[in-house]
1. Could you please tell me the mean projected area of the C-alpha convex hull for the chain, averaged over all directions and given in square nanometres to one decimal?
2. Please turn the phi angles of the stretch 336-342 into ³J(HN,Hα) values with the Karplus equation 6.51 cos²θ - 1.76 cosθ + 1.60 (θ = phi - 60°), one per residue in order, whole Hz, x for glycine and proline.
3. Mean residue ellipticity at 222 nm from the helices of the chain, using -39,500 (n - 2.57) per DSSP H segment of n ≥ 4 over the full residue count, to the nearest 500 deg cm²/dmol?
4. Taking H as built 1.01 Å from N, whose amide H comes closer than 5 Å to the amide H of residue 637, not counting residues under 5 places away?
5. Apply 1/(1 + (r/R0)^6) to the Cβ-Cβ distance of residue 397 and residue 601, taking R0 = 51 Å, and write down the FRET efficiency to the nearest 0.05.
6. Straight-line reach only, C-alpha to C-alpha below 19 angstrom: list the lysines that residue 378 could link to, leaving out same-chain residues fewer than 8 apart.
7. Taking only Cα atoms, what is the 0 to 90° angle, nearest 10, from helix 500-513's long axis to the longest principal axis of the chain?
8. Where a ≥ b ≥ c are the square roots of the eigenvalues of the C-alpha gyration tensor, would you call the stretch 386-470 rounded, which needs a/c under 1.5, or, failing that, prolate if a/b is larger than b/c, or oblate?
Amino acid sequence: MLEGARLLLNAGVPDEVVGLLEQCSERLIEQGFAPRLWQLLELSPDERLSRWLLQCAVALGQPALLSTLKPPTELEPEVRLLWARGLLIQGRSHEALERATVLRGDGERCGDGGLAFDAGLLAARCLALQLRPDQAVSLLEGLEPPDAATRTLRESLVGYCLAISGQVSEAVQRIQVLQQHPERWPASVQSDVMLNTARVMLLANRARESYAASASVLSSSLPSIGQLMSHFQSSMLVGRYEEAGHTLRRLEPFCSAGSYLRPMEIVYSVYFQLYVGELAVAAETITRWIPELKRLGESYRLFQLQHLDITCRMLRAEPPVELVDPGECPVELANLHQEIVILHAQVRAGVPLPDSFSEVHENASLPEYYHLLAGLPKVEAMFLQGAGGAALDLCHSLVQELNQRGNLQQEVEYRLTRCDLLLALGRWEALAEAAGTLSRLASAMPSPRFVNEAHFFEAVLPSKPVDWGQLERLASLIDVAPIAARRARVLLGGDALLDAVDRKVLAGLLEHRGVLPAQVLRSSVGQESTGRVVPWQPEWGLADEGCRVWRSDGSMVSLADRPQLWNILVSLYHQGGAATKEQLVQDIWHESEYHPLHHDHRLHVAVRKLRQQIEAWPSTPSFLLTTPHGYALTGLVRRVASAT
């Protein structure tokens, strides 16, 4: 049919093209040919074809395409309704609502129930987008569906609006009634019903069901903006981060500069970056966009971005900044969300939870999402107040609940906190299992942030010597796994911002494992002195336990079976990083007199063997240098005593 339309256009007979499109356009678009039909029609100057261009652009959900079209001159209600839908896709919801309201009135006056219903449904969608769900529900309940298909669609949209308003339980009940007989859903509304199902389950924190619904929509239709948005959110919750990232990239064409969707994409991007471990990029984006969202009057997106800013600063153990007043937020529970996030940050900073917080955590009238959001600060506050056992029990029950819901994103956050509790309490066997599970789940997501957070616990388990090489590697990942990185830096003898939970965990590591921070020697040999503060960089070190040397890449070498080589390093360290040949000979071989002809070759051979063990390129050493009178360690060298 498309080829026939192309031939007719080339032959200069647009009248026949119009007739063909009147018969076949809807079928072509339903079969996924909207992009090709658009490409074909946009080449024709015939104004009569503009209605089908509009139909294609609406089907594609492309604001950029819609912005190129002129308002229709035709008075047919179907074309006017199509234009109103296009306005909504472009983010012009107030104009769309105005036109939909007029069309609904026209339908009621002329007895066209189908037009009145379709226009009313569009008006309700506009109200939902404007976060006026109560008005949307009232409007929907006043609509009379002309058939079973539209009744199903109306019920699913009512459920979504109820969920937005916070009536999540009732919303889920309505959706579950519809799901009892999905085979009765007419094909014409299946996509919209499943999208509303995905949205309701998302707001109900039933991640697995939300993901299943949104995935089924994407697999059976050309995705719209709403479908992609819903699938991104549900993919994040179930911990499918590669899929979420792919969906985010599919949203980009809809969110170009100037698009009303751009603020939403910014929030989603930062959300994604925080969970996969791109904190530097996230922080930069937040700093740039908070004032911009304030200028644009995007109060809800500003609320969301400030929540993420608080989270980003909490992850980095940074002090909070004064929040920008976003103005009146249209989402009633947004203030509660922000209050919980702020209190969580304060708990990590060592501020006790107010007594009133229990009312939030135990308030049965609130959506389950807020109970689970409030659970983490509750667990950490109990832990910091000395109730570690009770905190561990509560944390375990919340992990189980999140697992049942399929919410892997929140589950791994709780599992990370559970590892903190187990370490601080010295429950090593349970910690080994918990850290392994966290690492496995995070690798499957995949989330470099949570994978590396898990590696911290695996590095300090008592079943083997502390893996200082792993800690050296983790210490450089401050913008990937900030909690593990700052703890590793402190254990390696460096400075880092710590929060109250960090201090409790490190105290537990000392109490139950006997791990002390490394001593640090900064050798001036081979280093230029600039007088400036040197930022953190990977170095190398000596671990007395097992006579091990770790390199800056995290790898380790044991010299336990070569004590003479180990003693060379220890001797150099004790002597400030550099020693003469005479000093080394006397210290290592306990010779009373030094004879170059006798001892230099012996020392040279030992140093060569040592370099072969510890240097990546023994012929061009970077750790153990030759000096005019002997040998020297280079750079910053750490040393840790055996754990007590």
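1. Working: hull surface 147.4 nm².
For the chain, the mean projected area of the Cα convex hull comes to 36.8 nm².
2. Each residue of the stretch 336-342 in turn: 5, 4, 5, 4, 5, 5, 5 Hz.
3. Details: 31 runs with 414 residues, N = 644.
Computed mean residue ellipticity for the chain: -20500 deg cm²/dmol.
4. Under 5 Å from the amide H of residue 637: 521, 522, 523.
5. Efficiency computed from Cβ-Cβ geometry: 0.15.
6. 504
7. The two axes meet at around 40 degrees.
8. Working: a/c = 2.41, a/b = 1.17, b/c = 2.07.
It is oblate, given that a/c is not under 1.5 and a/b is not larger than b/c.
The values are calculated or read from the model by the stated rules, or taken from the named source; none is laboratory data. These numbers come from a predicted model, not from an experiment. Note that we place each Cβ from the backbone using ideal geometry, even for glycine, and neighbour counts take in every protein chain shown. Note: accessible area is taken over every heavy atom of the protein model, side chains too, but ligands, DNA and RNA are not part of it. Shrake-Rupley method; radii C 1.70, N 1.55, O 1.52, S 1.80 Å.
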